[in-house]
1. Which whole-Hz couplings ³J(HN,Hα) result when phi for each residue of the stretch 264-275 is put into the Karplus expression 6.51 cos²θ - 1.76 cosθ + 1.60, θ = phi - 60°, listed in order with x for Gly and Pro?
2. Which whole-number percent of Cα pairs in the stretch 4-222 have a distance greater than 30 Å?
3. Which of the lysines could a cross-linker span from residue 11 if the Cα-Cα distance has to be under 17 Å and same-chain partners fewer than 8 positions apart are dropped?
4. Could you give the length gained on full extension between residue 69 and residue 49, defined as 0.36 nm per residue of separation minus the Cα-Cα distance, in nm?
5. In nm, give the distance between the simple-model label positions of residue 220 and residue 286, each being 7 Å from the Cα along the Cα-to-Cβ direction.
6. Can you give me the solvent accessible area of residue 113 with a 1.4 Å probe, rounded to the nearest 10 Å²?
7. What is the calculated FRET efficiency for residue 82 to residue 231, with r their C-beta to C-beta distance and R₀ = 41 Å, to the nearest 0.05?
8. Keeping all protein chains in position, work out how much accessible area residue 68 exposes to a 1.4 Å probe, and write it in Å² to the nearest 10.
Amino acid sequence: MPLIETYALTKQYPRVTALNALDINVEPGIIGLVGANGAGKSTLIKILLGLLPATRGKARVLDMDVETEGRAIRGLVGYMPEHDCLPPDLSATEFVAHLAEVSGLPRTAARERTAETLRHVGLFEERYREIGGYSTGMKQRVKLAQALVHDPRLIFLDEPTNGLDPAGREEMLDLVRRTGREFGIAVLMSSHLLGEIERVCDSLVVIDAGRLVRQGAVAEFTAGLGSLEVEVEGDAAALAEALTKRGFEARGEGFLAHVGLNGDDPYDAIRDCIVELELGLVRLEQRRQTLEDIFRPEADEAVAERV
């Protein structure tokens, strides 16, 4: 059974089309929802939660219709919003336990689940402090805890690393990874940061201007052989130019040249060009293709069009 399905899903505002005939079919796992700011990610999540009506089209979550079964969906789904929405005068225990009860847990069970969940997110020792005195990272953990406390089958995380420093981002990504892989909870994580998605997610849904750009396993996106990174003593740009004349994809700057691995074996050609140009070879190693490598040309084209 698919986790999420949409059929020609469209959301129009007076001057903006947030979603434009979006068709996706998502299987369980840790799924990355990727797009630039304004691509329609948050709108999609709110429609899937039954919080926002679609203009046209259909959507199903856990095989339930979002238009008619929104309440049932929200009982089985957790949601971590992007923006700060926490009451500053409550403790993490009071807030998370209250939302556990709202989700249908009896008071005693809600308290037990709250303690377990706050321990999972690393706030057990700070659970009785008022949220208003928490750091940004601690507030993000509270938001994750309230999304998990009722033991959902699926959680929506909208920019979960928003506002965090590098160490805080790594800790949050580790929590997301553990939630999906150790606890078996499906995760849809929205982000505009490809590096984060690549470290955590199994599959990827890419949208732009409300349309589906591409969908599939992360491994399929990065399955290309990538490139060779060649460090030389001398002009790497001259090496790249010589390799390009021989039919290889290559670019160089300073002491580094990058040679594509998308056709003929370039190793002999690299050796011959280095000898001909009287360069010194310092290092040669294969560099794996990343999501940022894949999408950078598209981003560059979009910037060029705007300019």
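The values are calculated or read from the model by the stated rules, or taken from the named source; none is laboratory data. If you're wondering where the values come from, they're calculated on a predicted model, not measured in any experiment. Don't worry about glycine lacking a Cβ; one is built from the backbone with ideal geometry, like all the others, and counts go over all protein chains shown. Ligands, DNA and RNA are stripped out before the accessible areas are found, and what is left, the full protein with its side chains, is counted by its heavy atoms. Shrake-Rupley method; radii C 1.70, N 1.55, O 1.52, S 1.80 Å.
1. 5, 5, x, 4, 5, 5, 4, 4, 5, 5, 4, 5
2. Looking at the stretch 4-222, the distances longer than 30 Å represent 21 percent of pairs.
3. Partners within reach: 41, 46, 58.
4. On the way: separation 20, 0.36 × 20 = 7.20 nm, distance 0.95 nm.
Computed gain between residue 69 and residue 49 is 6.2 nm.
5. The two pseudo-label positions are separated by 2.2 nm.
6. Residue 113 exposes around 70 Å² with every protein chain in place.
7. Numbers: r = 41 Å, r/R0 = 1.00.
FRET efficiency, residue 82 to residue 231: 0.50.
8. 110 Å²
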